[in-house]
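Presented below is the structure to which this report refers.
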Amino acid sequence: MSADIVFAGVVNGLMAGGVYVLVAVGLTLIYGVLHIINFAHGSLLMLAMYAVYFLFRKPLGLDPYAALPLVTAGAFAFAYLLYRGVIGRFAHGKDENILLITLGLSIVADNAALFFFTGDTQTIDVSYAGRFLQLGPALIPLPKLVSFLASLLICALLGLWMAFTDTGKAIRAVAKERQGARLVGIDVENIFAIAYGIGIACLGAAACLLMPFFYVSPSSGHAFVLIAFTTVVLGGMGSFAGALIGGLLIGIVESLGGLRFGEQLGQIAIPLVFILVLLLRPTGLFGGR
Amino acid sequence: MSRRAMLWCAAGLLVAILYPLLFGGPSLIARSNYAINVAFLILFAAFLGQSWNIAGGYAGQTSFGHVVFFGTGAYVSTILHVSHGWNPWLAWPVAIASGGLVGAIIGVLSFRAGLRGSYFALITLAFAEVFRIVANSIPQTRGGLGILIKADQRPENFQFRDPMWFYYLALVLCVIGLAIAWWLTRSRFGARLAAIRENEDAAMALGIDVFREKVRVLALSGAMCAAGGTVYAQKYLYLDPSIAFGVEKSVEMLLVSMIGGAGTIFGPLIGSGVLHLVGEITRDLGNVVPGIKNAQPLALIVYGLILVVIVAYLPDGLTGLLRRRR
Amino acid sequence: MARKQSRFGVSRRSFVGGAGALSVGLAGFPAILGAQAKAVKVGLIHPVTGFVAYNGQQSRLGATMAIEDVNKAGGVKSMGGAKLEALLGDSQSKVEVGVSEVEKMNEAGASAFIGCFQSPVGIAATQAAAKYNTPFLIDVGASDQLVRRGLKNVFRLKPGFGKCVDDGIAALGAINKGAGSPAKSAVIVHESGEFGTGTAKLLAGKLPSIGIEAKELIPHDNPTRSFDNIALRIRSMAPDIVMMSNYGNEYMLLARTLFQQKVELKGMFSVLGGGFNYKFVKDMPDVSQFMMDTNHWFNPRSEASQALKKRVEAGGALFTFEVYLSYTNVMLLADALERAQSADKEKLIAALAASTFKAELMPYGPTKFVDGQNEGGLPAVMQSLKGEIEVISPEQFASAKAVFPRPKFT
């Protein structure tokens, strides 16, 4: 491989990694606080992508970036209610049950999408999709650059919010010590729902940033789930910084692995890195504990 | 086991043995290979679920990638059979041993690193992915082209013309699975696993070699699952990487056990029975709804909702219901 | 099954309940489908949910429309106007479920099956149907392992990928030669499953025969999230032609990436390109412009196909290859029933094997089955030109002349 290709590969990897960061940030938050594995993550991402698609279509014609606040807020509200109304309520305090419920919800969501929106693949065509930033031998499509930068920004904002707001502190308290938090008067159920809501709100943002260069179909969300899990574990469950570095790292590993070993066998780099990290440093790169 | 429970078991087994007589060959009711086939699927999924349950339920080592053992078993026997001319019956034990070996290797690696809970669950998922990608990329498996097993429906060839025999095979496997689970509730090995499940640190303090026990249980579970892989390959006569190592099968194994009740003897069987019946009935539902185009997704929506409702009202799985009733 | 629950100490009530549910499931089935007098039941097994639900639904649409048409025209005349009746099945893209549907429909009295879209499901389902000697028509399913396996009950009207590759390569050779042979090298991008891998291997083997070197085969997973790196490699290898063999989403994503990154090529050429359809061409006229695909295509000069196209589009659906292939397979079956004068499986298989059916919608010669594969089937080569799909080969069906090499990006 020539230096040019390696360089371009790294840049491509970083851009792809930006997307993984976005999807993983929500997952890591949910995991860090609720200690559950959200099996509905891919399906909820898919629903958010459909929201972006329908907002973009006539008659609304809303640009996906302009729709970002709306979709994010909507995703938060939807997820908050979903947690309060279904997940938290039916889980009876057992983590295994949350896993099964989110699995059931994922089946419902995928097939509801199939029923109402058909199985057809939908794309949106924005005028800036073909613009580029040329960086030496690498071409960076504008929407990917935007999503990359936005993912950095979102991570930073979330980190600040968690550090300095009361709700943020309460979330961290609940994540560390449920019982203790309850004792000092924190409404733990409400915090759970808020954390779930924010986790899914991140997916809303991810959907807006993804749609200009990806597509949506009832199964399209699942393309990012496995990789998001990998990112979360690699970075350390519950760590934003970890999700950020982990996502970018995985993007680069995937990209270079693909260039070196071919796109098919190169895919092996992701689970392999995942396994090695877990075996050598089970708490992930940035995990505490 | 109480005398009453034993009686029930015997009666149930008798019914299971006689079941094909109702629908199969002599067909006392009506010949229905469909009914036989559904029963096969239930028993087969129950057996795979049991293999998950041995590790996930009894020892508390939840796995998301159990399909890695299934696929290993399926590929090992199929490659030996198709490419090396082995008789599949002879290849079967090798496949089972390979599943056990893969279980032991994954166990040694992950448990040595001290992985627990969701970390262990996710690493098994990653192993399954590695196996899938390798199977997709190497010539021995013919990559994405898949391997077609030549149809030659003779029993000595591990292929049966009458689906009844696959049913009986699944029944035998299922009974073996139940027996292993039962043994775990009575043996010292099982007691040590239970201690590990409840509190690993305490188990260690009690002097249990936690690492060794966990590796052993994963090897046992892997061997069982691999046995299922060979049966699958011989029944459907085709294998490709996403069939062998796809994440859906892992989910199904975990689902039948957890819905039925993880860590119980009959959990996987009950879970498999209920989920398959719900699945079969809802699949028809898609055709009943008149006037709606493409109503099929509705069937799966109902299926998903039923899943949520079961968890909502039976948080300890379906076996929890029985326990409460008593 | 439900009976077995009793074995682990379920109360009598739930035992009876379980058994009841089962018998409803079984007995309810034929009742649901409503047995009509003398109707010939046709089992349609397609993946209408799951990963390729769209394709499965399109197939079901085509087949059910054809059944309606046959019935409207008076059913099977030689059988006293017997109507066709669809048994609708969903394989859920799973081998086990596909086989389960065969067993169920067999009990519901299916005289023939049509399916399955995915080759792995088709391979297992045809095997299951063979037990009952029930004819199985493969409407869509590319693998050549589906036929020529000694199963007497399997028939495939459309050409398999071997034939599509041969014809596609021949057409590409002619187009290239006609333009003064500007293309000397190609890169093949394909999905890593049975379909893409098989097609790519055949393509790589045939390309040298028309003076084009296959520089590299690049497989990719489904789904692939980004084609940036593949674009990067293509750019660095600078082939004249990119050939692709993948499913809809990846096809679209790859084409869009190459277009947006302005990768200079003489042409893009696919065989059985999963995403080459009206929606793609209409949604992305710039991206698809000048792309060529070898695929199952209707005969644009046939009035019947134009009429059906209008009807399908009036219903809000697209006239994709699944629709007219499944439609045509029902017609093939109806023709065989007409000649067999019976739904008896032996006779029906004999009638199918001897069929000389003329597929009105398709650019096919008379049907001639050899080991279950129709030798009269013919793929067409299309090109996207200004948001339309034009047939450029074979000549007797062509609606436009190929534009090759395509103009450079400016």
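What follows is calculated from the coordinates using simple rules that are stated; it is not laboratory data. Since the structure is predicted, the reported quantities are computational estimates derived from the model, not experimental observations. Please note: Cβ atoms are built from the backbone with ideal geometry, for glycine as well, and neighbour counts cover all protein chains shown.
Observations, loosely collected:
- Volume of the Cα convex hull of segment A:77-235, divided per residue and given in Å³: 155 Å³
- Shielding by other protein chains, C:124-130, mean Cβ within 10 Å: 3
- Cα→Cβ-extended label distance, 7 Å offset, between C:Lys282 and B:Trp182, nm: 6.3 nm
- A dipole drawn for the protein assembly as shown from +1 and -1 charges on Cβ atoms has a positive end, and of C:Pro300, B:Gly146, A:Phe148 the residue lying farthest that way is B:Gly146.
- Length added when fully stretched, B:Leu90-B:Ile17, from 0.36 nm per residue minus Cα-Cα: 23.7 nm
- The calculated 222 nm mean residue ellipticity attributable to helices in chain C amounts to -13500 deg cm²/dmol, summing -39500 (n - 2.57) over DSSP H runs of n ≥ 4 and dividing by all residues.
- Whole-angstrom Cα spans of segment A:64-124 along principal axes, big to small: 41, 27, 15
- Theoretical ellipticity at 222 nm over chain B - DSSP helices of four or more residues, -39500 (n - 2.57) apiece, nearest 500: -24500 deg cm²/dmol
- Volume per residue for chain A equals 135 cubic angstrom (convex hull of Cα atoms).
- With R₀ fixed at 56 Å, the C-beta to C-beta distance from A:Arg89 to A:Phe7 puts the FRET efficiency at about 0.60.
- Along segment C:333-348 the Karplus relation, 6.51 cos²θ - 1.76 cosθ + 1.60 evaluated at θ = phi - 60°, assigns HN-Hα couplings of 5, 4, 5, 5, 4, 4, 7, 6, 6, 5, 9, 4, 5, 3, 5, 5 Hz to successive residues, with x for each Gly and Pro.
- Space enclosed by the convex hull of the alpha-carbon atoms of segment A:197-282, per residue, Å³: 111 Å³
- Alpha-carbon centroid distance for the pair segment A:1-51 / segment A:236-289, whole angstrom: 11 Å
- 3J(HN,Hα) along segment A:270-284: 5, x, 5, 4, 4, 5, 4, 4, 4, 6, 8, 9, x, 8, x Hz, from the Karplus curve 6.51 cos²θ - 1.76 cosθ + 1.60 with θ = phi - 60°, whole Hz, x for Gly and Pro.
- Cβ-Cβ FRET estimate between C:Phe409 and A:Tyr128, R0 fixed at 25 Å, reported to 0.05: 0.90
- Spatial separation of Cα centroids for segment C:279-343 and segment B:166-187, in angstrom: 51 Å
- For segment C:243-311, the list of GluC sites (Glu not before Pro) that fall in a loop by DSSP and count at most 14 other C-beta atoms within 10 angstrom reads C:Glu264.
- The mean of 1/r over all pairs of different alpha-carbon atoms in chain B, once inverted, gives a Kirkwood hydrodynamic radius of 20.6 Å.
- P(r) histogram, all alpha-carbon pairs of segment B:91-149 included - 10 Å bins from 0, percent: 20, 39, 32, 9, 0
- Peptide A:141-147 - average C-beta neighbours from other chains (10 Å radius): 1
- Mean projection of the Cα convex hull over all viewing directions, computed for segment B:1-119: 11.0 nm².
- In chain C the longest region clear of trypsin sites (Lys or Arg not before Pro) that are loop-assigned by DSSP and have at most 16 other C-beta atoms within 10 Å covers C:39-130.
- For peptide B:272-284, the mean count of partner chain Cβ atoms within 10 Å of a residue's Cβ comes to 5.
- Range of Cα positions in the protein assembly as shown per principal axis (Å), largest first: 83, 76, 55
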